[in-house]
Amino acid sequence: MKDFSTFAPLDGATLDGAIAKALEINRDSLKDYTDKFKYSHSVDGVYPQSENVEWTTGFWTGELWLSWELSHEEAFREAALRQTDSFAERIEKRIDVEHHDMGFLYSPSCVAAYKLTGSEVGRKAALEAADNLVSRFQEKGQFIQAWGRLGDVKEYRLIIDCLLNIPLLFWASRETGDGRYEDVARRHLDTAISLVLRSDDSTFHTYFFDPETGRPTHGVTAQGNRDGSAWSRGQAWGVYGTALAWRYTHEERTREVFSRCLDFFLDHLPGDIIPYWDFDFSNPSTEPRDSSALAIVICGMLEASRSMPGMEGLEDVARRLMKVLIDKCAVMPGGSCNGLLAHATYARKSQWNTCRNRGVDECNIWGDYYYLEALRRLKGEWDPYW
């Protein structure tokens, strides 16, 4: 692992100041984003209002729960519970749920509501979301299909992001005593980590299977620069996803994949720390950064430092990286931007991928969420929503 000892560690005053600034921004956002949600990314620094659709709205509700934990202000709790009702309606009416992102949607919203307040609405909705996620499991290939019509040859694949969806299944098994959720989670986990990690410890974003035989066929990118590159946010999902999986499984193979994913991510950071959107790029480059990838990895390091034996030293490194993230990317309250973490990238078009430029050098809602989660983790003991 690269040596980060020359970077200053995060001190208590800087941590408290960052929390206060984030709370001020979120407090001001309540007037516009209680009955509506923040869109997936900002536009010129401001989040458009959104209905409860797409895969990202759970992160805003998660921010509300984190804000309540950090402030004990009732306004955050009330807003989060109103949004919990919206998630219950969404899964009941099956509004935009034909995909695998049930964990991203329901862990930081409804599982959090149940853990923090005992909300039966949240518990029921989260379990229904877990049922929906299980329904996407493909026996031929042993994986949860990410997108598209089930069995569609063009979409018969997993993506690395799903490592953050399967904690919902582990939670559901522990909550209900029904082992089928955990069984699917473990089988998907085994398949994913056996395929997405390359020999150089970088990761594929997505991996395809033959729908007739279930045989894995090839790895490609969806949002990275090219099929053989390391998309920085995908690598980050690998880091945090395997850290969370270790908490549930304690399998040595998962710990090994975590270490390899993390070492690659840290070793390939540019000199000024904030990663580019793909590790094909390094200083100097005019390509945009993705601060959200670093926020995700810091959460993974903090999770591992408190759950994996022998990983306690990661907290010191995480604190040093967090200091850089705050100094370079934290949004100051009172300005025109209503996000928390600047210099993120949702999607960047390249000559090899099929993306369109979206949320480039903006705030994005998961970056804001994981930034605030990292602040909450650094403030003291925390029961994760994942």
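The values are calculated or read from the model by the stated rules, or taken from the named source; none is laboratory data. Only a predicted model underlies this, so the values are computations on that prediction, with no experimental measurement involved. Here the Cβ positions follow ideal geometry from the backbone for every residue, glycine too, while neighbour counts run over all protein chains shown. Heads up: the accessible areas ignore ligands, DNA and RNA and are worked out on the full protein's heavy atoms, side chains in. Shrake-Rupley method; radii C 1.70, N 1.55, O 1.52, S 1.80 Å.
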Point to revise | Yes/no for Cys355 being in contact (Cβ under 8 Å) with a residue 24 or more places away in the chain and buried (at least 18 other Cβ atoms within 10 Å of the Cβ) | key: no
Practice item. Quick one: which residue in Ala192, Ala185, Ala243 is touching an Asp or Glu at 6+ places or on another chain (Cβ under 9 Å) and assigned to a helix (DSSP H, G or I)? Key: Ala243
Study note, to complete from the structure: Scanning the range 56-103 for residues that are of a type outside the set (Gly, Ala, Ser), touching a residue at least 40 places away in the same chain (Cβ under 8 Å), crowded, with 24+ Cβ neighbours inside 10 Å and closer than 13 Å to Tyr33 by Cα gives Thr57, Phe59, Trp60, Thr61, Glu63, Gln83
Practice item. Have a look at Leu372, Leu321, Leu314, Leu325 and point out the one that is farther than 19 Å from Gln235 by Cα, at pLDDT 95 or above and among the aliphatic types (A, V, I, L, M). Key: Leu372
Practice item. Assess whether Asp327 counts as being part of a helix (DSSP H, G or I), in contact with a Pro (Cβ under 8 Å, 6 or more places away or on another chain) and surrounded by fewer than 24 Cβ atoms within 10 Å (Cβ to Cβ). Key: no
Exercise for review: Kindly check whether there is at least one residue in the range 11-33 that is among the hydroxyl-bearing types (Ser, Thr, Tyr), open to solvent by 60 Å² or more (accessible area, probe 1.4 Å) and not in a helix (DSSP H, G or I).
Suggested key: no
**Study point:** Total residues in the range 187-207, condition farther than 22 Å from Trp277 by Cα and either of a type in the set (Asp, Glu) or surrounded by fewer than 20 Cβ atoms within 10 Å (Cβ to Cβ) (or both)
**Key:** 3
Study note, to complete from the structure: When (1) within 20 Å of the chain's Cα centre (by Cα); (2) surrounded by fewer than 22 Cβ atoms within 10 Å (Cβ to Cβ); (3) closer than 29 Å to Asp383 by Cα; (4) not polar (S, T, N, Q) are applied to Phe137, the one that fails is (1)
Exercise for review: Report whether or not Tyr106 is assigned to a helix (DSSP H, G or I), of a type outside the set (D, E, K, R) and open to solvent by 10 Å² or more (accessible area, probe 1.4 Å).
Suggested key: no
Study note, to complete from the structure: Exactly one of Gly118, Gly122, Gly151 is more than 23 Å from Thr242 (Cα to Cα) and free of Cβ contacts under 8 Å to residues at least 12 places away in the same chain, and that residue is Gly118
Point to revise | Residues of the range 175-186 that turn out to be in contact (Cβ under 8 Å) with a residue 12 or more places away in the chain and open to solvent by 20 Å² or more (accessible area, probe 1.4 Å), as a count | key: 5
**Study point:** Residues located in the range 191-202, provided they are within 13 Å of Leu158 (Cα to Cα) and without any contact (Cβ under 8 Å) to a residue 60 or more places away in the chain
**Key:** Thr191, Ala192, Ser194, Leu195, Val196
